[in-house]
Structure formats: structure tokens, C-alpha cells
Amino acid sequence: WDNADFSRGVGTTFYQEFSTLNTAKPPFVRDVEAKVRRYLRSSYSAAWTLKITWEKAPVYAARTDTRKTITYQAVLTTDGFRSYILMLYQDGGMQWDYTRLTSTNVLIGYT
């Protein structure tokens, strides 16, 4: 989650934690469980989920252009034995012009 630059006061980052062990699951967690089941074809029941949102994040260095922003999320979830991450991007995908970054070795996702 590199190369976002919030130093100019544009964009924000926030998170929400869902501890759902032995509690009722909100719709968001049920949706995450459904995605894990569908994509991985396995049974899954979340015990804990963390949603991190980068909203209208400008690319580093924001001093050059704060008009091109992106909203994206990382959702970390575990049942206590297996852990997953969902990377979610706004419609249209990455909006930053990667050809203007200081490094063009760009990866969307995680390794």
C-alpha cells in the first residue's frame, strides 16, 4: 500500500474491525465470507475481519498532482486457522498514471 501521499490534506485512510467470534455477523462480513467461499470453493466462517479503506488517495508525490486519486480497500479476514486478503479497487481499476511514478516497477495486489 505504497505510493499514496496524504501530505497535502487530500484523501483519507480509515479502518473498521469486525470481531465476529460468537457474535452476529454484519452484512459486510457475510459478504466477505461469500466471496471467499465463491473464489476459493471452500467453506469459510470469519472469526475476525479488518477493512482498511484509502479514499481519494493521491499518488506520491502529491505536490505534483492531487487531481488523480484512487479509492481502494484491503480486507483481511481469518477464521483462526486460515487467513485471506481481498484487494478491492474502485470501478475502472487503478487511476494513477504509473508511467509518471518515480519507479515504474508497479504491482497491484500483494506478494
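Quick notes on this one:
- Relative to the current alpha-carbon distance between Phe28 and Ala47, full extension at 0.36 nm per residue lengthens the span by 5.5 nm.
- The HN-Hα couplings worked out from phi for the range 27-39 by the Karplus form 6.51 cos²θ - 1.76 cosθ + 1.60 (θ = phi - 60°) are x, 4, 5, 4, 5, 4, 4, 5, 5, 4, 4, 5, 6 Hz, whole numbers, x standing for Gly and Pro.
- Globularity index of the range 10-98 is 1.28 (Cα radius of gyration / 2.2 N^0.38 Å, N = number of residues).
- Computed FRET value (nearest 0.05) for Arg38 with Thr12, which takes r as the C-beta separation and R₀ as 35 Å: 0.70
- Carbon/sulfur fraction of accessible area - the range 10-98, other protein chains in place, 1.4 Å, %: 52 percent
- Given charges at beta-carbon only (K, R positive; D, E negative), |dipole| of the range 10-98 in Debye: 180 debye
- Percentage relative contact order, the range 10-98, counting C-alpha pairs under 8 Å, at least six apart: 27 percent
The values are calculated or read from the model by the stated rules, or taken from the named source; none is laboratory data. Treat the numbers as computed from the prediction; the structure is a model and nothing was measured. Cβ sites come from the backbone with ideal geometry, for glycine too, and all protein chains shown count toward neighbours. Note: areas computed on protein heavy atoms with side chains; ligands, DNA, RNA excluded. Shrake-Rupley method; radii C 1.70, N 1.55, O 1.52, S 1.80 Å.
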